Protein chains: 2
Amino acid sequence: MGNVTLRTVAEQAGVSVSTVSNAYNKPDQLSAQVRDRVLETAKRLGYAGPNPAARSLRSQRAGAIGLLFTEQLSYAFSDPYSVGMLAGLAEVAEEFKTGLLLIPLEHYDPSHPEDAEPSAETMRQSVVDAVVAYCVDADHPARLVAMERGLTVASTIDIDDDRQKYVLIDEAGAAASLGGLLRDLGHQRVGVIVDSRMDDVEPRTTPRVVRPEDEAQLFVDSRIRLDGLRDALGPDVEVIPVFAGHNSTEAGAAAAAYLLDHQNRPTAIACISDVLALGARDAIRQCGLEVGRDVSLTGFDDIPRAAEVGLTTVRQPIHEKGRLLGRMVLDPEFEPRRVVLPTELVVRSSTGPAPH
Amino acid sequence: MGNVTLRTVAEQAGVSVSTVSNAYNKPDQLSAQVRDRVLETAKRLGYAGPNPAARSLRSQRAGAIGLLFTEQLSYAFSDPYSVGMLAGLAEVAEEFKTGLLLIPLEHYDPSHPEDAEPSAETMRQSVVDAVVAYCVDADHPARLVAMERGLTVASTIDIDDDRQKYVLIDEAGAAASLGGLLRDLGHQRVGVIVDSRMDDVEPRTTPRVVRPEDEAQLFVDSRIRLDGLRDALGPDVEVIPVFAGHNSTEAGAAAAAYLLDHQNRPTAIACISDVLALGARDAIRQCGLEVGRDVSLTGFDDIPRAAEVGLTTVRQPIHEKGRLLGRMVLDPEFEPRRVVLPTELVVRSSTGPAPH
DNA sequence: TCGTTCTACTAAATCGTTCTAGAAAAACGA
DNA sequence: TCGTTTTTCTAGAACGATTTAGTAGAACGA
C-alpha cells in the first residue's frame, strides 16, 4: 500500500512500463482498449497516478511557481494591498493550471553575510519552475539562489540585472505627486511613517525616528518611497521619518502618536502604506485633532477602506500587478521583460492647507 | 550551465558523490577541511545545491504542504475570513520551514462523474507531503486523489472518514444561536443569502431563490449553515433562501435587493458570511430602510469590519483554525485528530425586534 | 508480391539525488 | 603490540517516473 508504482501496474496489466506512462500522459499513443485496461488495473491497485516528484525530476518541470515574500509570510495576508496582488497572481496561476508555492524566508541581515545559508535554505528546497520576488531585497540570498538555479525571476523592485524581469510601479511619479501636493499646500514639517523589519528595536511596537544609519533596516520599497518624498518636498521642507514596528494599523497609530507628541508637531503625516495611515488617522482623532484641517494625512496604495474614510493616497493597479507578474513567468507568449505601471494621485478629505 | 550536478562537483573536487551530498545534508559526517573544499568547488561551478525534485524523489518528502481551496483560487483572497485562516496556516508553515502550495481546482459537478479526471489533475501533479482541504466537498476528486496518494488530509468540514483529520467549528451551535436570536426577536419571515458556485446561473450576479433541487449547487458550508438556521428557526418561521452570485459585497447587495423587492418582504436577512452581509447592509439602506429596525441583519465570521458597522454575527476563531490545521499536518507531536472550535454570538445594532 | 508507411507497443537509458553497507585509516585502550 | 572502536569517506543500489530509439505486425499502394 502506497508502494504501487508504474511497474506494479504494468506487471499486473501485462504491459510495459512505458505503456502505463503513456496511458496517463499520451492517450493517443495507445489503443483505447489497452488504455482502459491499464487505468482499470491502476484503480484496482489503488494507484494514484504518476509520482509527482519523479515526474518533476525526469521532465524537468515542476508545475508550480514560487512566491518569495518579504520576511514574514503571514504578513502577506495582513495588508489588503498584498492580498490584491496575490489574488491577481493566483488568477493567472489558476489559468495555467499551475500551483502557487508560498516560500517562507528567514530574515537576512546584509551586515552578517555568514547567515546567508539558512536564509536561502527553503528556496533551495522548493520544487518550482519560476519565482516571483515580491518586495525582496536585491541581495537577499534566496533571490540569489533562485538565479543560480537558473529559474525565471520576476521582481517588483528595480534591480539592475538583465537576467531578471520586472513589474514596477512608477514610484518616483507617485512620490512626486504626493510630495508635490503637500508642498503646494504649504506644509513645512512632514512626518513620514515607514514600516520596519520584524527584528528591529525591542519592543517592536515602539516607534522612533529613523537615523541615517538605520536606512538599511528599511524595507526596500519603503526606502524608495521615502527618498521619493524627500526629493519631491524639496530641501526647504523638514522631513521626520519614523519607524513603525511593522505594517499594521496598531503600529501606524503608535508612530503617529509619537510624531504628534513631538515638541514641534508636523503639520502633515505621510504614510508609506494605507494600512499605516488608517492607524495614524485613529491616533490623530484620539488627540482631539481633525484630520485634513489640523493635520494632513496621506497613504499609499488606495485600498478599499481608504475611499471610505476619505484618505488621500496614490492608487496602484495592484491586481494588474499580480496578473502581470504571473503572466511574465508563465506565459511564453508574453514578451516584455519590464513593465512600469502608472499610478494615480487620489485627493480626498484627509489633506488640506497647512495651519499657521 | 544549469547542468551542474552533484557528480560534476564531486569530480572537480576529487571526492565521491556521497561526500558532496553529505557536505550539504550532514556536515558532521565529514571533516571541515573537505567540506570547505567541496562547497568552494560548488560555488566556483555555479552549483545551486541539490536538485529539489531529485531530493524529494529519493527522500520521499516534499518540504511543502498543499492547500486545496474551494473552486476559485483567487477568491481565497477576497474574503478577510479566508485570509485570516491563510495567515494562521502560513504562520505554522513558516515555523516548520515548509512551503505552502496553493492548488487550483477545477470545478467539479458531482452529477458528471466523468469529469473527475481534469478536476483532480493538479492534485496529482503537486509535490506535497500533506494537504489541507478548506471547504472542499466530501467527494471532490482532488480530495480523493490526495487520499489515494496516502497523504495526510486535514479538513474543515466533517466527513465521516477515519483516515482524515478535522478542525471544525461548532456550526450547529453557531446556527442555533443566530436562529434563536432571530426567532426570539419575533421574526416570522427570514431571508437567507448564500453564496453559490461560479458556473451557476448566467449572469452570475443575478440572485434567485434556492429551489430544493439546487441544494447540491451550494457550497458545502453554506448548506450546513442554512440547514442549521432552518432547524433553529423552527417550522413556524418561513425561510427564503436566495443565491448570491458569489461571496462578495456586490453579490450580497444584489441578493438583498432581490429579497426586499419580494412581494412579502422578510423582516430579517441572515447572511452566510459577513462579506455578503456588508453588501446586504448597503442595499437595505439604499432602499431607505433602517438596519436593525425595519430589517434585521446578521452575518457570519466576525471580520474586523463587522464591529465597525455594528453587524450582529457569530465569531469564529479563524486564525486559530488556520494554525491548528497547520499543526495537525505538520507537527508529529500534535495528536488530536479532531478539534471542534467554539463560536460566540456577537449581538450588535443590526438586529432588533420584528416590526409589525 | 514487394517495399513502404503507419500503428501499437517495448527495452533500456536517464533525470539527480539519498541511503545502506562497508572499507580504509586513524585513534584508542590495555 | 594487537584488537577494537571511531572517524571519514566511498561504491552502488534505490527512488519512480519520462523519453528515445526501435521492433513487430498490420495496412497500403502499385
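Take A:T343, B:T5, B:T312 and sort them by solvent-accessible surface of the protein heavy atoms, 1.4 Å probe, largest at the top. Could the numbers behind the result be given before it?
Working: A:T343 40, B:T5 70, B:T312 0 Å².
Correct descending sequence by accessible area is B:T5, A:T343, B:T312.
What full-extension length gain, to one decimal in nm, is calculated for A:R208 and A:S111 as 0.36 nm per residue of separation minus the Cα-Cα distance?
32.8 nm
Magnitude of the Cβ-charge dipole of the stretch B:171-316, K/R +1 and D/E -1, about the Cα centre, nearest 20 debye?
Approximately 300 debye in magnitude.
Largest first, how would A:E344, B:E250 line up by accessible area (1.4 Å probe)?
B:E250, A:E344
With only Lys, Arg, Asp and Glu charged, each at its Cβ (+1 for the first two, -1 for the last two), find how big the charge dipole of the stretch A:6-50 is about the Cα centre; round to the nearest 20 debye.
Value, rounded to 20: 60 debye.
Taking Cα pairs under 8 Å and at least six residues apart, what relative contact order does chain B come out at, in percent?
Working: 694 pairs, mean separation 59.8, N = 356.
Relative contact order of chain B: 17 percent.
Find the sum over both chains of the accessible area lost when B and A are paired, probe 1.4 Å, and report it in Å² to the nearest 100. Don't jump to the answer; show the numbers that get you there.
Details: alone 17140 and 17140 Å², together 30550 Å².
Counting protein atoms only, the buried area is about 3700 Å².
When chain A is treated as a GNM, springs tying every alpha-carbon pair under 10 Å, which of A:D129, A:D109, A:D161 comes out with the largest mean-square fluctuation?
A:D161
List the distances, in nm and shortest first, from the label point of B:Q33 to the matching label points in every other copy, placing each point 7 Å from Cα along the Cα-to-Cβ direction.
The projected label point of B:Q33 is separated from its counterparts by 6.8 nm.
What accessible area per residue comes out for chain B, rounded to a whole number of Å², with a 1.4 Å probe?
43
Pull up the cross-link candidates among the aspartates and glutamates for B:K97, meaning alpha carbon to alpha carbon under 15 Å and not fewer than 8 places away within one chain.
B:K97 reaches A:E71, A:E106, A:E117, A:E121, B:D129, B:D331.
To the nearest 0.05, what FRET efficiency results for A:R7 and A:K97 with a Förster distance of 30 Å applied to their C-beta separation? Please report the intermediate quantities before stating the final value.
Values: r = 28 Å, r/R0 = 0.92.
E between A:R7 and A:K97, to the nearest 0.05, is 0.65.
Antiparallel as a % of all DSSP beta bridges within the protein assembly as shown, to the nearest 5?
Restricted to the protein assembly as shown, the bridges split so that about 15 percent are antiparallel.
Evaluate E = 1/(1 + (r/R0)^6) for A:Q188 and A:D161, where r is the Cβ-Cβ distance and R0 equals 51 Å; express this FRET efficiency to the nearest 0.05.
The formula returns an efficiency of 0.80 here.
How large is the helix-only mean residue ellipticity at 222 nm for chain A, computed as the sum of -39500 (n - 2.57) over DSSP H runs with n ≥ 4, divided by its residue count, in deg cm²/dmol to the nearest 500?
Rounded to the nearest 500, the figure is -12500 deg cm²/dmol.
As a test, work out the antiparallel percent of DSSP beta bridges whose residues both lie in chain A, rounded to the nearest 5.
DSSP beta bridges in chain A are roughly 15 percent antiparallel.
Report the one residue of A:A93, A:A64, A:L45 whose Cα lies farthest in the direction of the positive end of the charge dipole of chain A (charges on C-beta: Lys and Arg +1, Asp and Glu -1; origin at the Cα centre).
My answer, from the dipole projection, is A:L45.
Carbon and sulfur atoms: what percent of the 1.4 Å accessible area of the protein assembly as shown do they account for?
In the protein assembly as shown, the share of accessible area belonging to carbon and sulfur is 49 percent.
Taking the Cα centre of chain B as origin and charging only Cβ (+1 Lys, Arg; -1 Asp, Glu), how large is the dipole, in debye to the nearest 20?
The calculated dipole for chain B is roughly 1360 debye.
Distances from A:Q188 to the same position in the other copies: list them in nm, one decimal, shortest first, using label points 7 Å from Cα along Cα→Cβ.
With the label placed 7 Å along Cα→Cβ, A:Q188 yields 7.0 nm.
Straight-line reach from A:K43: which lysines have a Cα under 21 Å away, not including same-chain ones fewer than 8 places off?
Within the straight-line limit of under 21 Å, A:K43 reaches these lysines: A:K26.
Sort shortest first the distances from B:E114 to its counterpart in every other copy, using label points 7 Å along the Cα-to-beta-carbon line, and give them in nm.
Spacings between copies for this position, smallest first, are 6.6 nm.
Report, in whole Å, the centroid distance computed from the Cα atoms of the stretch B:35-79 and the stretch B:243-308.
Rounded to whole Å, the Cα centres lie 44 Å apart.
Extending each Cα 7 Å along its Cβ direction at A:D28 and B:D28, get the distance between those two points in nm, one decimal.
Distance between the two pseudo-spin positions: 5.6 nm.
The values are calculated or read from the model by the stated rules, or taken from the named source; none is laboratory data. The structure displayed is predicted, hence computed values, not measured ones. Backbone-built Cβ (ideal geometry, glycine too); neighbour counts: all protein chains shown. Remember, those area values only see protein heavy atoms, side chains included, never the ligands or the DNA or RNA. Shrake-Rupley method; radii C 1.70, N 1.55, O 1.52, S 1.80 Å.
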